[in-house]
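Asks: Below: one structure in structure tokens.
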Amino acid sequence: MNWYKQSLEIVTRGKGMTDITTLVAECISGWQVQEGMCHLFVPHTSVSLAISENHDPTARLDIETGLEKLVPERQAWMRHTLEGDDDSASHIRTILTGVDLSIPVDDGRLSLGTWQGIYLFEHRSTGRRREVLVRCLGVN
């Protein structure tokens, strides 16, 4: 078994989902992992990771809109606004969606479903530099 690791830097444009499937797949390919487990983690409190539909872009838009409606900003009860009106809501959205994913690797490829993609989900209004830690335990 071998342990592989890399950090990806993603620059977001503000709220929304960025498809990072190809970047993660390139890590697996570069490491020549045939079988194993890929783990992704973001060391941030206002961005998350998600596996979602990646064929029809309207699915992504519906997810983004749904989360906005589920956790709207600028609520009277929100006290944590140190970095702006989106501060508290972005942390709540991150807790709901999660900061890590584990994906099996089989036959040298991420074992994602036909319509699945890996997304970095930015919850802040303004763009940021985000780090995605990619770790893989490979059995070659």
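Asks: Which condition from (1) among the small types (Gly, Ala, Ser); (2) surrounded by 12 or more Cβ atoms within 10 Å (Cβ to Cβ); (3) within 30 Å of Trp115 (Cα to Cα) is the one that Ser88 breaks?
Replies: Here Ser88 meets the rest and fails (3).
Asks: Of the numbered conditions (1) free of Cβ contacts under 8 Å to residues at least 40 places away in the same chain; (2) within 19 Å of Thr12 (Cβ to Cβ), Glu131 satisfies every one except a single condition; which is it?
Replies: Here Glu131 clears every test but (1).
Asks: Considering only residues that are in a loop (DSSP other than H, G, I, E, B) and either surrounded by 15 or more Cβ atoms within 10 Å (Cβ to Cβ) or among the hydroxyl-bearing types (Ser, Thr, Tyr) (or both), which ones fall in the stretch 35-58?
Replies: Passing the criteria: Val42, His44, Thr45, Ser46, Asn54.
Asks: What about Asp56, is it over 19 Å from the mean Cα position of the chain (by Cα) and among the acidic types (Asp, Glu)?
Replies: Judged against the criteria, Asp56 is not a match.
Asks: Here's another thing I want to ask about it. Would you please name the residue that is nearest to the chain's Cα centre (by Cα), looking only at residues in the stretch 1-44 that are over 14 Å from His123 (Cα atoms) and hydroxyl-bearing (Ser, Thr, Tyr)?
Replies: Thr21
Asks: Within the stretch 98-112, identify whether any single residue is out of contact with any Gly (no Cβ under 7 Å at 6 or more places or on another chain) and more than 30 Å from Trp3 (Cβ to Cβ), and answer yes or no.
Replies: no
Asks: Right, something else. Provide a single number: the residues in the stretch 92-115 that are within 16 Å of Ser48 (Cβ to Cβ), surrounded by 15 or more Cβ atoms within 10 Å (Cβ to Cβ) and either modelled with pLDDT of 95 or more or not hydrophobic (A, V, I, L, M, F, W, C) (or both).
Replies: Of the residues in the stretch 92-115, 6 are within 16 Å of Ser48 (Cβ to Cβ), surrounded by 15 or more Cβ atoms within 10 Å (Cβ to Cβ) and either modelled with pLDDT of 95 or more or not hydrophobic (A, V, I, L, M, F, W, C) (or both).
Asks: Also, I was wondering about something else. Of the numbered conditions (1) over 22 Å from Gly117 (Cα atoms); (2) free of Cβ contacts under 8 Å to residues at least 12 places away in the same chain; (3) assigned to a helix (DSSP H, G or I); (4) of a type outside the set (Ser, Thr, Tyr), Trp77 satisfies every one except a single condition; which is it?
Replies: (3)
Asks: State all residues of the stretch 1-34 that are loosely packed, with under 12 Cβ neighbours inside 10 Å and without any contact (Cβ under 8 Å) to a residue 24 or more places away in the chain; if no residue qualifies, say none.
Replies: Of everything in the stretch 1-34, those that are loosely packed, with under 12 Cβ neighbours inside 10 Å and without any contact (Cβ under 8 Å) to a residue 24 or more places away in the chain turn out to be Thr22, Gly30.
Asks: Then there is this: Can you spot a residue in the stretch 103-120 that is in contact with a Pro (Cβ under 8 Å, 6 or more places away or on another chain) and part of a loop (DSSP other than H, G, I, E, B)?
Replies: Yes, that holds for at least one residue.
Asks: Can you name the residue in the stretch 59-83 that is among the polar types (S, T, N, Q) and surrounded by fewer than 13 Cβ atoms within 10 Å (Cβ to Cβ) and, of all such residues, is nearest to the chain's Cα centre (by Cα)?
Replies: Of the residues in the stretch 59-83, the ones among the polar types (S, T, N, Q) are 65, 75, 81.
From what's left, surrounded by fewer than 13 Cβ atoms within 10 Å (Cβ to Cβ): 65, 75.
Working: Thr65: 17, Gln75: 26 Å.
By that ranking, first place goes to Thr65.
The values are calculated or read from the model by the stated rules, or taken from the named source; none is laboratory data. All values reported here derive from a predicted model rather than from experimental measurement. Cβ coordinates were reconstructed from backbone atoms using ideal geometry, including for glycine residues, and neighbour counts include every protein chain displayed.
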